[in-house]
Each structure stands twice: as structure tokens, then as C-alpha cells.
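Data block below; observations after.
Readers should treat all values here as calculations from the given coordinates under stated rules, not as data from a laboratory. All values reported here derive from a predicted model rather than from experimental measurement. Here the Cβ positions follow ideal geometry from the backbone for every residue, glycine too, while neighbour counts run over all protein chains shown.
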């Protein structure tokens, strides 16, 4: 039987077991949508209509990050495609497997500055893992298959497939043939780690006196959390995770010292600074993690395990690079331990642990909740209590994101979904939608702020259409808080354009979309509101928490400072500013 | 290793890299885009299909310190269309570039001098018209620079260079 390009497209999605596709229709994808309509009628694929293409892509990201499936979305040519770019770039920075299908103008019109024509393959080249412009109908199926393969394998990432409208019209029809597997001579990611290097790693660990295990989002991508936890525990290593790695190692484990980096814990940063061996697993020494590279962990040797060779020795030189899938590498490490009958000496790092415990005793995340202003930290901590630490949490970008990362203790992978690399405000709400669609029976909270939430607020409409009972935790301090914090510390309190003078009435706004809105301005009401929202499994709750207007995120390593140089409170910041003068 | 920009410049050396990649539309822009995106410099870049029409071969000359060249090679390998990358500078290799120079001869004496220099550099005069000599020079980029230096006393009208291309000596082929 011969199929049209649009029918082939649907068959490809089915072959890849895609059950949900996020998108927004338009001229260049009309034929594809016509077939999507039929596929939905047949109960094969569900289409989620976002309210903006950025929302569609973030939705697909939330779906992908909270599962082990790729996120799929479809948008039209021109503005549809350009609106998707922020989401695509976000997925690129955070290694989220996405397949994004963009419609393109008919082949005969390409290059003519036609209506809604844009060179989206050119625009997205620097922010995709790979992209394709399909130029003949025979290429649709193999290209789609390659797209899924590339997105999901190796270091995951977004792949864009641009399909000209005339290929989908049905004028030409061909037989559908989906190859069994993909063979690409130019793309064969290394999965197995080099045994010799893994053995060297074991020797280095045995020699170390002050080792630290530094885990990132790669652990979660490779589904290696179990192995990572076993590894950390077998060797009694202090464990820190990056923002993207939260949940890769259980937060309630006694060896966990918290997140590291600019707003990481005192103990995690101190331990990194004084370590003599860093075992980096699926992390990439991002500048928000390392601070000033010249001051970074001066005495440490580095073992770096990552599937992406280009992430190794990019920012910090690795003394022992191990390229491979985290899960596979750690499994071979265990095999070697068994073969060589290595018995890790659990007391080997007692002195080191004593030091680490002394840093922990500083209790850098302590805060005091008074009776007047709600502290954002308090809201997050209460959310964690009320959900028993088992909710899926998405966040936007800013202070609330850091508080979420610091005070919501994740014990499982894939529960924490945020925009780490690109730092995309507007990510949280659509991402939460994607999570809820993937996990209809789970509790999903979106921790956001009054700035971020307004960047994709239109998605409240999507939530009504698909009855998504999200819990939106709006930490509303009236400011673009993170920028304000920097202005307070580094720009002599000139709060340039960071005060939101005209915030909407979020309660009414939520209600206008058919949701429940509650404004909470007393600390005593926080827990009750959270409980009410989370107990209701049918409706979306928009909880607008009026928080302390000028609260700051601590600890903080100012840009250009080392890990041993943190502000733990306002006094530290003031002293530092005085010294600078 | 990764110090200030100033220090980086001091240790920058010239590297010649051969790239074998799928002969797809946009392949070249993926490579050139990578260089501009990550702030690497390109001294020259040549590209053409090989005996296998599905493959393009590129020769790229860049400058950088050890760490940045390592990153460049890794980033090139990371491009999905790239099949193989080889740093020719790591091997015994041959490097050639072709150049056309158009020079105006002002009098008989300068005609003779141009031809003499062309002979010394084993260059050939490939066109003469209205006292304009077009000379073809092939050789290492250094040799081409040298030839241009000897021509400064004449009026150089136009110069076109192909950029370097290279191949290893002996049995170290860059092949699929």
C-alpha cells in the first residue's frame, strides 16, 4: 500500500511508540495535522495543543525529563519554528532527548522569502544535536528514524526535522518502509568504558585521602542512579550533585552533602575545594559549579566519567578520562571490584569525614521564619513535608529555583525538572504540564516566581483543556529576585527595572482560566493552603504566596570567587562590599 | 592549563586538520558554524568531494594551544555528519596550497625579474595580457608567502589562494 508523506509521518511516530505529541498547528503542517487528527480518532496518538510553541517544546521537555522517553513536538514554519527555538536551545543545554518536527514551505518556494518561510535548520544549527531538511518523500521515514536514534542515544539532545509541505500533501505516495535499525557510519557513541582506565580509577580512589563524588544530570540520563548510589556507598564517599543531578543520589542519605556551586551548600563547596580527588560522573564542570577556574579545587586530581568526550577536559583537566555511558561504566567498575576481590576500606576517609562533618555543622541553610513575612524557603520546605518528598517538581529560573533546589530534598531521579543550562524563565509551567501528562496520577508542583510565571502564563489554558491538576507554587516577592539580589550586592542597590510594579491579580487570573487561585500572605496559612491544593486531585491550584520582598539566596559564591569564599548571610556580603571599597 | 586569554595566545601553534564528512547539504556550515560559535579561529578551509561521492574531505588550518586543539578535535568529532577527523600535524605529512598572483609589469626589466622569480619558485606564468602576468604557484603555505614577499617590489593586482590541503605520508590513510 502506498502512503502520503503525512501518513508516513504518523507511521514513523507509531513505530517509535510515541503516544503524546505537543504542538501548535499552522499552514505548513496542515497535512500532518490532518493525519494527526485521524490518528487521534483511532486512539493511536494524543496531541496536546499548547498556547505558544515555546510551551509546546517545554512541555515535551517535561515529558522527556520525567520519563525515559523522548519528547516529541510539531510546529509550523516561520514564527511557529522560531517560537520553538528557546525550547530547543533549552533542551540542547540540558541534554533532553527531543524530536521537533517543523513544517517548511513547499520545496518550490524555498529561498523565495515566501510567506512564513524561515531557514530553521540554519537558525537552530548551533542549538541542536542534529537537524535535517527533508528534500524527498523517500527520506521521511529514514530521517525520522535517525532523528529518534540521535536524540536518544549517546549524550541525548534535541533533533529537528524540517519537512516541506508539498512532501506531505499526498500528490506523491510511496510504500512505507521503516528500517529495522539505524546504521550511521558517522555516529557511533562510545558506551562501554575503557577497562584499563576504570582500573586506574580504582587505584586513584584507593590512594586518595579526601575524595568526593560529584554527580550531574548525566547520571539521570543514563538511568544510573542505582549504580551511582551503590558506588558512593561502597566507598563511603561524600557525594555532591549539581543542579541537574538532584535526585541522582538520595538526599536523605548520610553521605550526601547537598548541591554544589554558586548556591550550593557550604559543606559541598568546601569539600570540593579541599578534595584531593574529584570523581566527576555525568557532570560538566559548568561555570556555575566551579566559580573561578584558577581557584577551583587546587589540590584535586580528576576522574571524569562522561558519555560526551567533548565534556571531558573542557573546563577542568581530567587526569583520568573515562568515556562511556555512566551506568555501563559503573557496572564494569563493580565487575572489576568483584574480579579483583577489592574490599573498599570504609574507614579510610574517617579524618576527611570529620572535616566534612565540621562544615556541615555550620548548617548553612538555616533560616528563621517569623510571624510576619512568609519566607520562600519555608514554603518550599513545607511543600516537601506535605508531599513527603515524593512529588514531581518543576521550576522556573531565579531565586525560587535555587530555594527549590536547596530545600526540596529529592530522593529519586527524574523528579526534579528545571532549566539548568540555558536558565529559561517560563520553563516551569509548561514543563509541569508535560510531567503531569506523563504521570497522570502523580503530584506535580511547579515552583515559580512572579517574574517567570508570566513568561509562559498562557499555558494555564492548556492545563484547563487537558484537566491537569498542577500545583503552582508562586513565590511572589514582587521582584525579579535573583537579578535584584545581584543589584543589591554588586550594583550598590540600584534596582534597575527589577520591581514588578503592576502584577496581575493571580487569583483572578487563575479563575479566569477555570482554575482555583488562592493568595496566601501569612506564614500560618502556608501549610493549610498547600494541603488543600495537594489533596485536590481534580483541579489546578494557583497558590500565590506573598513572600518577603527582599530575601536573598544563601550561600552564594559571587562570580569570580573560589569555592572557599562564600557569603553565608547578609553580613558576609556587606563585609565583602566594604572590603572592596 | 586553562589560564588567561593572554597566556593562551602565547602557546598558540598552527595545526592542520583533515576532516572526512558525509557529503550532505549544510555540512560545511556545520563546521564553519562550530568554529565561530566556539570562538576558534580558521586560517584556511578547503573542501571538495572525494573519490567516494558520498564523502567530502576538508582541510582546515587553525591556531590554538594544546587544550583548545583537543577541544576542537572533540567538537568536530561530535558533529553528527563527521565520519573521521585526523590531525595531520601529528603525522609526517605533505601540505600544499595553490595560488594565483596577477602582477603588473611596468617595464622590460620588471618582466624579466618576474619571470626569474617565477622560475626560482618553480611557478609558472599561466596568462599574460596587457603587461599583466598571472602566475600559478604551488607549494607549502610558507613558500607561497615567500613568493609574495619577493613580489612586493612589483605591483600586485590580485591574489587568490586555495587554502592548504594535506595528506599523510605512507600508510596512514584517512579512510572510512
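Relative contact order of chain A, please, whole-number percent, based on alpha carbon pairs below 8 angstrom and at least 6 residues apart.
Dividing the mean separation by the residue count of chain A yields 14 percent.
Centroid-to-centroid, using Cα positions, segment A:352-394 and segment A:179-210 are 37 Å apart. Testing the spin-label approximation: label points 7 Å from Cα along Cα→Cβ at residue A:195 and residue A:30. State their distance in nm. In this crude label model, residue A:195 to residue A:30 measures out at 6.2 nm. Would you mind telling me the antiparallel percentage of the DSSP bridges in the protein assembly as shown, rounded to 5? Of the beta bridges lying entirely in the protein assembly as shown, close to 45 percent run antiparallel. Note on chain B: GNM, Cα springs under 10 Å; of B:142, B:51, B:81, the largest mean-square fluctuation is that of B:51. In terms of the Cα gyration tensor, with a ≥ b ≥ c the square roots of its eigenvalues, is chain B rounded because a/c is under 1.5, prolate because a/b exceeds b/c, or oblate? Prolate, because a/c is 1.5 or more and a/b exceeds b/c. Legend: mean number of C-beta atoms from other chains within 10 angstrom of residue C-beta atoms, peptide A:288-295, equals 1.
Counting every other Cβ atom within 10 Å of each residue's Cβ, A:29, B:137, A:100 order from fewest to most as B:137, A:29, A:100. Peptide A:124-130 has a mean shielding of 3, counted as Cβ atoms of other protein chains within 10 Å of each residue's Cβ. Between 0 and 90 degrees, the angle of helix B:108-120 with respect to the longest Cα principal axis of chain B falls at about 40 degrees. With respect to chain B, whose longest principal axis is taken over its alpha-carbon atoms, helix B:66-78 is tilted by about 70°. Normalised by the number of residues in segment A:105-157, the mean separation of alpha-carbon contacts (under 8 Å, six or more apart) gives a relative contact order of 26 percent.
Distance between the C-alpha centres of segment A:54-83 and segment B:64-80: 30 Å, rounded to the whole angstrom.
Once you reduce segment A:491-568 and segment A:269-338 to the center of their Cα atoms, the two points are 35 Å from each other. From helices alone, the protein assembly as shown scores -10500 deg cm²/dmol at 222 nm; the rule is -39500 (n - 2.57) for each run of n ≥ 4 DSSP H residues, then divide by the residue total. Give the shape of chain A as rounded, prolate or oblate, defined through the alpha-carbon gyration tensor: a ≥ b ≥ c are the square roots of its eigenvalues, a/c under 1.5 means rounded, and otherwise the shape is prolate if a/b is larger than b/c and oblate if not. Oblate, since a/c reaches 1.5 and b/c is not below a/b.
Cβ-to-Cβ counts within 10 Å put A:7, B:22 in ascending order as B:22, A:7, the fewest first. Across segment A:376-553, the mean sequence separation of Cα contacts (distance under 8 Å, 6 or more residues apart), normalised by length, yields a relative contact order of 24 percent.
Each residue in A:163, A:101 was given a count of other beta-carbon atoms within 10 angstrom of its own, and listing them fewest first yields A:101, A:163. Comparing B:68, B:29, B:89 in a Gaussian network model of chain B (Cα springs below 10 Å), the most mobile by mean-square fluctuation is B:29. The overall shape of segment A:195-360 is rounded: from the C-alpha gyration tensor, with semi-axes ordered a ≥ b ≥ c, the ratio a/c is less than 1.5.
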